[in-house]
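What follows is a set of notes on a single structure, which appears directly below.
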Amino acid sequence: MNWDQMEGKWKQMKGSLKQQWGKLTDDDLDVIAGQRDKLVGKLQERYGFAKDEAQKSADEWCATSGEAVRETQRTSR
């Protein structure tokens, strides 16, 4: 899944994000709204990640979450 797709599926993906990073608040998730740069900023703010670390973590989450969504779609057909 790429970040454009993530924005479109944001409501579905918020739970996964909350599991991954519990320090993010519901307000944070509303502000992020599927936008990579905002997620990176919030990860830096809440977890003290360096920018590269936050970007890498966000991209890994996006990739693995996309795989989970695709698998769910395959099995529900």
- Query: Can you tell me which residue in region 47-67 is modelled with the lowest pLDDT, limited to those that are surrounded by 13 or more Cβ atoms within 10 Å (Cβ to Cβ) and aliphatic (A, V, I, L, M)?
  - Reply: ALA58
- Item | Pairs where the first residue, in region 51-69, is closer than 15 Å to LYS14 by Cα and the second is modelled with pLDDT of 95 or more and part of a helix (DSSP H, G or I), C-beta under 8 Å, 6+ apart | ALA58/LEU39; ALA58/VAL40; ALA58/LEU43
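Just to be sure I understand, how many residues within region 1-21 are assigned to a helix (DSSP H, G or I) and surrounded by fewer than 17 Cβ atoms within 10 Å (Cβ to Cβ)?
Here is the first cut: in region 1-21, the ones assigned to a helix (DSSP H, G or I) are 3-8, 10-20.
So of that shortlist, the ones also surrounded by fewer than 17 Cβ atoms within 10 Å (Cβ to Cβ) come out as 3-5, 7-8, 10-12, 15-16, 18-20.
Going through region 1-21 one residue at a time, the tally reaches 13.
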- Item | LEU24 among the hydrophobic types (A, V, I, L, M, F, W, C), at pLDDT 95 or above and in a helix (DSSP H, G or I) | no
- Message: Kindly evaluate VAL40 against the criterion of being of a type outside the set (Lys, Arg), over 18 Å from ASN2 (Cβ atoms), part of a helix (DSSP H, G or I) and modelled with pLDDT of 90 or more.
- Response: no
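The values are calculated or read from the model by the stated rules, or taken from the named source; none is laboratory data. Treat the numbers as computed from the prediction; the structure is a model and nothing was measured. No Cβ is skipped: glycine too gets one built from the backbone with ideal geometry, and neighbour counts run over all protein chains shown.
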